[in-house]
Amino acid sequence: MISHANYPFQLPALPYAYDALEPYIDRKTMYFHHDKHMQTYVDQLNKALAPYPEYHSWTLEQLLSRLPELPEELRTQVQNNGGGVYNHDLYFDLMAPAGQPFPGELAEAFGGEDNWKRQMKSAALGVFGSGFAWLVRDASGALKILALPDQDTPLALGMQPLLPLDVWEHAYYLKHQNLRGDYIDSWFQVINWAEVIMRTK
Ligand code: MN
């Protein structure tokens, strides 16, 4: 996991082929999203950190959990580009070829699969502009769904990130154009539930 890596950060390989999530997420979107958009976040984060050797030993998770400790001129760069690296690493890792069953413990926590989907979709559709919907575990240990703008992370709020849904237009525009809801329905088909459940342990 890139969350435990430190400067200089490197783009992790996509854990499956670009077309592995077809027809739900298309090859072209995956290529630009991973190789171009995520690469840019990696490059910008490294560029921002280069003049600050005192933070080169900090892991990405430390940087994002301790934003208030960073110098002001570095903080926004880490929040946006470090968040971009962290969020995309999780987003790509937590998708897989379609067909994994919805986990029982989530069904229990949210009153069934349909209720979970309804809440996640509502949070994702409610993001004005760019951002993510998140399944998280909060400080009390409860499973929650929330929406965060831009590349903000639940780490900065003291919550454990479990599953991100990227609703920046670059995540769906090539295939779905303006239809964010259609993309969300497609994304529901390709969640890597086995990995999500590992993260909740
Ligand atoms: Mn993205």
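The values are calculated or read from the model by the stated rules, or taken from the named source; none is laboratory data. Keep in mind that what you see is a predicted model, and the values were worked out from it rather than measured. Heads up, the Cβs are rebuilt from the backbone with ideal geometry, glycines too, and the neighbour counts pull from every protein chain shown. What goes into the accessible areas is simple: the full protein's heavy atoms, side chains included, and nothing from ligands, DNA or RNA. Shrake-Rupley method; radii C 1.70, N 1.55, O 1.52, S 1.80 Å.
Looking across the range 31-45, the residues that are open to solvent by less than 30 Å² (accessible area, probe 1.4 Å) and more than 11 Å from the ligand (Cβ to nearest atom) come down to Val42, Leu45. For the range 46-59, indicate whether the set of residues that are at negative phi, open to solvent by less than 80 Å² (accessible area, probe 1.4 Å) and within 16 Å of the ligand (Cβ to nearest atom) is non-empty. No, the range 46-59 contains no residue that is at negative phi, open to solvent by less than 80 Å² (accessible area, probe 1.4 Å) and within 16 Å of the ligand (Cβ to nearest atom). For the range 83-137, the tally of residues that are open to solvent by 30 Å² or more (accessible area, probe 1.4 Å), within 21 Å of Gln160 (Cβ to Cβ) and within 13 Å of the chain's Cα centre (by Cα) stands at 1. Please verify whether Ala13 is of a type in the set (A, V, I, L, M) and without any contact (Cβ under 8 Å) to a residue 12 or more places away in the chain, treating the condition exactly as stated. Answer is yes for this residue.
Of the residues making up the range 162-171, one or more are open to solvent by 20 Å² or more (accessible area, probe 1.4 Å), in contact with a Lys or Arg (Cβ under 9 Å, 6 or more places away or on another chain) and within 16 Å of the ligand (Cβ to nearest atom). Considering the conditions (1) over 20 Å from the mean Cα position of the chain (by Cα); (2) assigned to a helix (DSSP H, G or I), Thr76 is excluded by exactly one of them, (1). Return yes when Gly129 is assigned to a loop (DSSP other than H, G, I, E, B) and either more than 16 Å from the ligand (Cβ to nearest atom) or not assigned by TED's automatic domain parsing to the domain that holds Arg75 (or both) and no when it is not. Here the answer is yes, as Gly129 does meet what is asked.
For the range 65-82, taking the residues that are in contact (Cβ under 8 Å) with a residue 60 or more places away in the chain and more than 16 Å from the ligand (Cβ to nearest atom), the one that is farthest from Leu163 (Cα to Cα) is identified as Leu67.
Filtering the range 77-106 to residues that are of a type in the set (Gly, Ala, Ser) and within 20 Å of Leu143 (Cα to Cα) leaves only Gly104. Looking at Leu146, Leu174, Leu162, Leu155, just one residue is in contact with a helix residue (DSSP H, G or I) (Cβ under 7 Å, 6 or more places away or on another chain), modelled with pLDDT of 95 or more and in a helix (DSSP H, G or I), and that residue is Leu155.
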